[in-house]
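Each reported figure results from applying straightforward, stated rules to the coordinates on display, with no laboratory input. The structure presented is a predicted model; accordingly, all values stated were derived computationally and were not measured. Note that we place each Cβ from the backbone using ideal geometry, even for glycine, and neighbour counts take in every protein chain shown.
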Amino acid sequence: MNHPASHSQSFTVTTPLYYVNDVPHIGHAYTTMAADSIARWHRLNGRDVLLITGTDEHGQKIERTAIAAGVNPQVHCDRIVAKFDSLWSKLDIKYDRFIRTTAPAHRTIVNEFFQRVWDSGDIYKGTQQGWYCVACEEFKEERDLLADKHCPLHPSKQVEWRDESNYFFRLSKYQQQLEALYAERPDFILPNSRRNEVLKFVAQGLQDFSISRVNVDWGIPLPTDPDQTIYVWFDALLGYVTALLDPDAQVSLDNALHSRWPIDLHLIGKDILRFHAVYWPAMLMSAKLPLPERVFAHGYFTKDGKKISKSEGNAIDPIALVDCYGAEPLRYYFLKEIEFGQDGDFNETRFIEIVNADLANSLGNLVNRTLGMAKKYCQGYIPNCNATDIAADNPLKILGRDLGAQVDIAYNNLAFRDACEAILNLVRSSNKYIDDLAPWALFKQDKHLELAQVLYSVLESARLSAYLLSPIVPKISTDIYRQLGLNIDFDLICCNNSNDDNTASVENWKHHQQWGILQANSQLGEPQPIFTKLEVKTAPSS
RNA sequence: GGCUCAAUAGCUCAGUCGGUAGAGUAGGGGACUCAUAAGCCCUUGGUCGUCAGUUCAAGUCUGACUUGAGCCA
């Protein structure tokens, strides 16, 4: 209804282009897992999906980090990029495009875009004086600084005095248009609390911002003044456009924008909201381009209730976590247990409790016990009945009938928690249904017809649950499908779907959202635990 | 200092249009046996952050305050 993206046939979603100053942290992993899951859901629905991620590689901070490490900036970037890419692979992220802002094509796109903004008369030369934090890549107000001119966000770093002749973007010109945008499209910035922040910020009055830097060699030279380089944010946001270029297409802004622009969803962390919700739409207005559909900013994490900070040494290392526990439990915990859009906490004990309770005990055991009964009582085949044989008042049939639509709404709202809860409700009801109907007793009483219907209802509910959870735990879902005798690999569905010849087969999976598609008398696989319980592997911090 | 959001069971959270609180998980007990000691049933936990106000009636509406998170380029 108010989610146009869910009704069109293509869907383009981005993660931020991560700044390669340092190795990936948990926030990077979180955004990317969410983006991957939402992309997978749209692919299941037969849409032509493009998941864009990548890295932002320019700027003085990176230049200095590289120098400190004694390497060329490009070498430094290559090293960090390899770590990101390796993490995405470990987390089972199926991205379609990985854009690096040092890619040659990107420079062309930035130049063309700059020219458009220039032609609109929105770039002028001015002077900027003030305290500059290299770590933030921003000017700071003196009143905001800590003692001894340290940056409030980077207490270990001193700010530097700058007196520069820079080029500015006329952001102030777009204040009214931006306010009109927020008013006309209340969904443009989500969640609402973030939207309010932006509204207040803009209402204060917008100042033009500098889009170039002098004395920064690691960047894209300004087309109109090669002594300066383009400010990293102006550069980085355009990475979303460059990423749209087909690999074999001629590099031009028109070609990049030709088929998929505008982006349906920018997923970001709340730290970079202003750039995406204010600067970016204004830049696009200036270039006379359509605006993205939606910007969604999620929250941050605490560890065991405490703020994560380097000085505390309590950072969550996503690489260590995924090496220790694997991708599926992490994907599940972060998307199911943390309210998307709000801040959340990571606590290892709780993580293990939740994942064991839901994936092993509720879902895993449901599949295992039902397949065990099918093997014993039905010789390892799906019972000889189908959905139309099941009474209309069967509780699982009733729940299953609406679940697909319910979960679709949740995914479209990025309400991963709601999606999981709705699915778990079917799982729990299935466990209860088994206990209520006691198939083992029906078997002893030779009530084979009733037994068949009970087992069919439960098998089908397990199948539907696996399908609907597949954007979050694709390997577990694939395993459940395999044990149900269905040869569908959810990782494969979510790859290469942009091939035209594959679109038809993708479309075929959509009917799996309905309850009642298991075929009578087809052979089931061998029952095996789909999820082995986790044990605490590191001592919980006290 | 200005502003935004939040505060409900040990933990994570629901709670619609005001009608004296719910789920999951954790803890305790029970019956059962198909199953990964799992699932199912019962159960212990709450002055709904504090104080006022409006109302026949406030977790819900209003004001102030406290605490936490965040925004103020």
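Annotations for the structure displayed:
- Helix A:26-44 vs. chain A, principal-axis angle (Cα, 0 to 90°, nearest 10): 60 degrees
- Where a label projected 7 Å from the Cα of A:Trp440 along Cα→Cβ would reach, residues of segment A:367-382 with amide N under 16 Å: A:367-378
- Nearest-ten-degree value, helix A:192-203 long axis tilted from longest Cα axis of chain A: 20 degrees
- Relative exposure of A:Val427, A:Val367, A:Val134, judged by other C-beta atoms within 10 Å (fewest first): A:Val134, A:Val427, A:Val367
- For chain A, size of Cβ-based charge dipole, Lys and Arg +1, Asp and Glu -1, in debye: 800 debye
- Only lysine pairs 8 or more places apart, or on different chains, with alpha-carbon atoms under 26 angstrom apart are counted in segment A:348-513, and they number 18.
- Pairs of Cα atoms farther than 44 Å apart, chain A, %: 24 percent
- Taking a ≥ b ≥ c as the square roots of the eigenvalues of the alpha-carbon gyration tensor, segment A:10-78 is classed prolate because a/c is 1.5 or more and a/b outweighs b/c.
- Distance between modelled label sites at A:His448 and A:Glu535, nm, 7 Å Cα→Cβ extension: 4.5 nm
- Lysine pair count for segment A:7-298 (Cα-Cα distance under 19 Å; residues 8 or more apart in sequence or on different chains): 12.
- Taking other C-beta atoms within 10 Å as the exposure proxy, A:Phe234, A:Phe209 rank A:Phe209, A:Phe234 from fewest upward.
- Packing around the peptides A:33-41, A:324-332, taken as the average count of other Cβ atoms within 10 Å per residue, puts them in this order, highest first: A:33-41, A:324-332.
- Annotation: extensible slack from A:Asn425 through A:Asn192 equals 81.1 nm (criterion: 0.36 nm per residue apart, minus Cα-Cα distance).
- The A:Arg401 and A:Gln74 beta-carbon pair, evaluated with R₀ = 56 Å, returns a calculated FRET efficiency of approximately 0.50.
- Full extension of the chain segment joining A:Asp254 with A:Thr127 gains 42.4 nm, where the gain is 0.36 nm per residue of separation less the Cα-Cα distance.
- Here segment A:7-298 is treated with +1 on each Lys and Arg Cβ and -1 on each Asp and Glu Cβ, and its dipole about the Cα centre works out to around 620 debye.
- Förster radius 25 Å - calculated FRET efficiency between A:Asp389 and A:Asp491 (Cβ-Cβ, nearest 0.05): 0.15
- For chain A, the longest principal axis of the alpha carbon atoms and the long axis of helix A:474-483 meet at an angle near 20°.
- Shape category assigned to segment A:363-421 from the gyration tensor of Cα positions, a/c cut at 1.5: oblate
- Subtracting the Cα-Cα distance of A:Lys307 and A:Ser120 from their residue separation scaled by 0.36 nm leaves 62.9 nm.
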